[in-house]
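Below is one structure; the comments refer to it alone.
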Amino acid sequence: MKAWAAALLLLWTAPALAAPRVVSLNLCTDQLLVLLAPEQVVALSPLARDPALSVVADTARGMRWVRPDAEAVLALAPDLVLAGPFGAQTTLAALARRGVRIERTAMPQDFPAIRAETRRFAALLGAEAAGERLIARMDRVLAGIAPAGGRSALPLEARGYAADAGSLADAVIAAAGLRHASQGGRMALETIALHPPDLLVTAEAPDFPSLATDLLRHPALAGIPRVTWPPALLACGGPWTAEAVALLVESGG
């Protein structure tokens with residue numbers, strides 16, 4: 001994740017001509033905005049500062065943040081508000097009634113979609129060159145990965161749920177040359193123990209205990225080779241998600 005933060009040094013110096021003032025109310029758009037056009041940031045969502053979820057947390061700490069409240073956002077006089085497809089709908093409706101331009105992320109779930117979404121947001125921000133640099137960096141990471149050779153991998157989440165086929169985690173596993181060991185849904189501990197995958201893939205444990213992740217620590221799973229990835233790499237699909245593929249291959253693929 002630090003590599004993506006370092007990449008900001010190359011993007012920060014890009015000139016801005018009549019750049020729009022942008023507020024982001026969504027973690028996924030926070031990250032694209034900071035990486036593509038940091039000079040246009042008026043405010044970000046509070047989650048942008050969370051290193052467990054955001055690849056731009058270090059940079060975002062020095063930027064203003066705003067809660068998804070219509071009055072608070074209007075007070076910042078943005079030209080453009082970036083948002084997700086689901087959250088803050090009441091706030092977004094109020095902003096739209098006041099004539100504020102709103103653009104929502106499509107939440108890409110694979111690498112072709114990540115390329116398309118990065119280019120779309122780069123065009124919205126007038127940062128096409130920065131977008132191409134991010135995509136080129138992602139493609140270099142992916143091109144440098146030697147596929148893992150068809151071994152099975154089970155991406156196991158909190159409460160024993162396996163990532164669905166067609167999800168971002170599924171795309172990462174496929175890009176690493178691994179075979180998804182499940183079609184998704186809740187996995188019984190007995191099923192995993194009786195039919196273990198070659199590799200168990202989990203998110204890094206949080207700093208606080210949780211019953212939701214207790215299954216991941218069960219002794220019955222202790223003998224299965226395991227790789228953990230930072231949740232920030234998959235919380236949102238973006239150019240940084242290529243790092244999860246590299247980590248998967250280097251650590252256990």
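The values are calculated or read from the model by the stated rules, or taken from the named source; none is laboratory data. Computed from a prediction, not measured in an experiment: that's the story for all the values here. Cβ sites come from the backbone with ideal geometry, for glycine too, and all protein chains shown count toward neighbours.
Taking only pairs six or more apart or across chains, which ones have beta-carbon atoms under 6 Å, a first residue in region 185-198 that is farther than 14 Å from SER152 by Cα and without any contact (Cβ under 8 Å) to a residue 40 or more places away in the chain, and a second residue that is among the hydrophobic types (A, V, I, L, M, F, W, C) and surrounded by 14 or more Cβ atoms within 10 Å (Cβ to Cβ)?
As it stands, the answer is MET187/ALA162, since those pairs meet every condition given.
Looking only at helices (runs of 4 or more DSSP H) that lie completely in region 27-92, which have at least 3 residues being within 21 Å of GLY237 (Cβ to Cβ)?
Passing ranges, in order: 27-36, 57-60.
Here's a check for you: in region 36-56, which residue that is free of Cβ contacts under 8 Å to residues at least 24 places away in the same chain and touching a Lys or Arg at 6+ places or on another chain (Cβ under 9 Å) is surrounded by the fewest Cβ atoms within 10 Å (Cβ to Cβ)?
Once the filter is applied, the top-ranked residue is PRO46.
For region 135-162, name all the residues that are among the charged types (D, E, K, R) and assigned to a helix (DSSP H, G or I).
Those that are among the charged types (D, E, K, R) and assigned to a helix (DSSP H, G or I): ARG137, ASP139, ARG140, ARG159.
So which residues in region 165-184 are at pLDDT 90 or above and closer than 23 Å to ALA106 by Cα, if there are any at all?
Answer for region 165-184, where residues must be at pLDDT 90 or above and closer than 23 Å to ALA106 by Cα: GLY166, SER167, LEU168, ALA169, ASP170, ALA171, VAL172, ILE173, ALA174, ALA175.
Restricting attention to region 103-144, which residues are of a type in the set (Lys, Arg) and either touching a helix residue (DSSP H, G or I) at 6+ places or on another chain (Cβ under 8 Å) or surrounded by 14 or more Cβ atoms within 10 Å (Cβ to Cβ) (or both)?
ARG104, ARG115, ARG119, ARG120, ARG133, ARG137
Which count do you get for residues in region 93-125 that are under 18 Å from ASP69 (Cβ atoms), of a type in the set (Gly, Ala, Ser) and either in the same structural domain as ALA171 (by TED's automatic domain parsing) or assigned to a helix (DSSP H, G or I) (or both)?
3
Failed condition for GLU132, given (1) part of a loop (DSSP other than H, G, I, E, B); (2) free of Cβ contacts under 8 Å to residues at least 60 places away in the same chain, with all others met?
GLU132 satisfies every listed condition except (1).
What number of residues in region 166-194 are assigned to a loop (DSSP other than H, G, I, E, B) and surrounded by 14 or more Cβ atoms within 10 Å (Cβ to Cβ)?
Of the residues in that region, 8 qualify.
Per-residue answers, yes or no, for (1) closer than 18 Å to GLU250 by Cβ; (2) in contact with a Gly (Cβ under 7 Å, 6 or more places away or on another chain):
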{"site": "ALA146", "(1), (2)": "yes, no"}
{"site": "PRO155", "(1), (2)": "yes, no"}
{"site": "ALA163", "(1), (2)": "no, yes"}
{"site": "GLY166", "(1), (2)": "no, no"}
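Does ALA162 meet the test of being in the same structural domain as PRO38 (by TED's automatic domain parsing) and surrounded by 14 or more Cβ atoms within 10 Å (Cβ to Cβ)?
no
Could we say that ALA188 is of a type in the set (Gly, Ala, Ser) and touching a helix residue (DSSP H, G or I) at 6+ places or on another chain (Cβ under 9 Å) here? Even if it seems obvious, please write down each step before you answer.
On the way: of a type in the set (Gly, Ala, Ser): yes; touching a helix residue (DSSP H, G or I) at 6+ places or on another chain (Cβ under 9 Å): yes.
It is true that ALA188 is of a type in the set (Gly, Ala, Ser) and touching a helix residue (DSSP H, G or I) at 6+ places or on another chain (Cβ under 9 Å).
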